[in-house]
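Asker: Let me begin by handing over the structure; questions about it come next.
The values are calculated or read from the model by the stated rules, or taken from the named source; none is laboratory data. Since we're looking at a predicted model, the values are computed, not measured. Note that we place each Cβ from the backbone using ideal geometry, even for glycine, and neighbour counts take in every protein chain shown.
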Amino acid sequence: MTRGSISAAAMLAVLLAGPAFAQTQGQASQPEAAAPKALARNFEGVWTNATVTRLERPATFSQLVVSKAQAEAVAKATTTRRAAANGNSDLSRGAFKDEDATAGYNSFWIDSGDGLMRVRGEARSSFITSPADGKMPFRDRAKSLALTIRDGAEYQSGKGAYVGPEDLPLRERCLIAQSDAGGPVMLNAIYNNNYSFVVTPGYFVIDLEMNHDVRVAPIFASAEKARASHQPAAIRPWLGDTVAWWEGDTLVAETKNVNPIQEGRTLTPVSSQGTVTERFTRIAKNELLYQFKVEDPVHYTQAWSGEYSFKPAKGQIYEYACHEGNYAMAGILRGARLQEAAAKGGN
């Protein structure tokens, strides 16, 4: 592992920038064989959505499907970056001095997969497929993401009011995954991109590696019965109220009533008027297609949707210990109190 650290933004800039990515439509690689009938409704196990592809399309791409040459270039850049970052440190250079306040985790923790996301063999530049530009159709992006943007600025600068625990972002309070991995919509992050799915006759369970979040959705005989079984609108749990049903070999999950605190501090805000529909389909032995649609007139000018594929992960889901031995929140609040005392002339 090298002595330096790298931020997620810097990593993506390296992988997705450059003249080699002037977008042109290319021939996609061949998709894997369809899932055997015996596997169609069986997608239990551990899966991963690790990839450098993200929800929205970056400016370096103009189309959804990426050419074979471009995808190979991104994969090569990913491998090269990983090898360089994980190389031996040059101990002759002396002590490392970190003055980059925007840097995040050392490369050891980064889980970027093997390059761009592939769906049915096609390399993708974004998860979003509609609108065609790969962007979320916000009514007012700055307003919808105001708290999320503020949290990010405070996280990087260390400057914030920090009046009490509730003022800290969800990631500092270890309440739900800071990467929005639990959904709705389920996103990937720079690390901890593993999911364990369990499907029983009566329930669909999603267990996340990131922050050990769990979503439990009862499975009903039909969409009508499922929708009629949502909890009262006054009940708005973390990750929302999810119900599910089968449509052929596709498991459909509908989520409403996302917790209002989560609504204000997420990359995909969903209001009390919003609905997120997710579809899980085993389309190949080594591919679980995940599709989503977001409908919310409060935050968006139109419904928007997308898809990506989970691939089998090696190993299992391990414990995610956030509060245990974590003094970050207490230290942040104590620091704010000391600043207040200093401003008043105290010790």
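Asker: Where residues in segment 256-267 are in contact with a Phe, Trp or Tyr (Cβ under 9 Å, 6 or more places away or on another chain) and touching a residue at least 40 places away in the same chain (Cβ under 8 Å), which of them is surrounded by the most Cβ atoms within 10 Å (Cβ to Cβ)?
Answerer: Looking only at segment 256-267, we keep the residues that are in contact with a Phe, Trp or Tyr (Cβ under 9 Å, 6 or more places away or on another chain), and these are 258-259, 261-262.
Narrowing further to those that are touching a residue at least 40 places away in the same chain (Cβ under 8 Å): 258, 261-262.
Working: Val258: 27, Ile261: 16, Gln262: 22.
The qualifying residue surrounded by the most Cβ atoms within 10 Å (Cβ to Cβ) is Val258.
Asker: Return yes or no: is Glu287 in contact (Cβ under 8 Å) with a residue 40 or more places away in the chain, among the charged types (D, E, K, R), over 26 Å from Arg141 (Cα atoms) and crowded, with 21+ Cβ neighbours inside 10 Å? Outline the logic, then answer.
Answerer: Details: in contact (Cβ under 8 Å) with a residue 40 or more places away in the chain: yes; among the charged types (D, E, K, R): yes; over 26 Å from Arg141 (Cα atoms): yes; crowded, with 21+ Cβ neighbours inside 10 Å: yes.
Against the criterion (in contact (Cβ under 8 Å) with a residue 40 or more places away in the chain, among the charged types (D, E, K, R), over 26 Å from Arg141 (Cα atoms) and crowded, with 21+ Cβ neighbours inside 10 Å), Glu287 qualifies.
Asker: Scan Ala253, Ala233 and give me the residue that is within 30 Å of Leu147 (Cβ to Cβ) and either surrounded by fewer than 16 Cβ atoms within 10 Å (Cβ to Cβ) or in contact with a Gly (Cβ under 7 Å, 6 or more places away or on another chain) (or both).
Answerer: Result: Ala233 is the single residue among Ala253, Ala233 that is within 30 Å of Leu147 (Cβ to Cβ) and either surrounded by fewer than 16 Cβ atoms within 10 Å (Cβ to Cβ) or in contact with a Gly (Cβ under 7 Å, 6 or more places away or on another chain) (or both).
Asker: Which is over 28 Å from Glu263 (Cα atoms) and not hydrophobic (A, V, I, L, M, F, W, C), of Glu340, Glu307, Glu295, Glu319? Give the steps one after another, and end with the answer.
Answerer: On the way: Glu307 fails: over 28 Å from Glu263 (Cα atoms); Glu295 fails: over 28 Å from Glu263 (Cα atoms); Glu319 fails: over 28 Å from Glu263 (Cα atoms).
Sole residue among the options that is over 28 Å from Glu263 (Cα atoms) and not hydrophobic (A, V, I, L, M, F, W, C): Glu340.
Asker: Can you tell me how many residues within segment 201-228 are outside any strand (DSSP E or B) and not charged (D, E, K, R)?
Answerer: 10
Asker: What pairs come out if I take residues in segment 220-245 that are under 22 Å from Asn259 (Cβ atoms) and pair them with residues that are among the hydrophobic types (A, V, I, L, M, F, W, C) and part of a loop (DSSP other than H, G, I, E, B) whose C-beta lies under 7 Å away, six or more apart or interchain?
Answerer: Going by the 7 Å Cβ cut-off, the qualifying pairs are Arg236/Val258; Trp238/Leu175; Trp238/Ile176; Leu239/Ile176; Gly240/Val258; Asp241/Ile235.
Asker: Now a separate question. Can you tell me which of (1) at negative phi; (2) part of a loop (DSSP other than H, G, I, E, B); (3) modelled with pLDDT under 90 is the one Ala132 doesn't meet?
Answerer: It is condition (3) that Ala132 fails.
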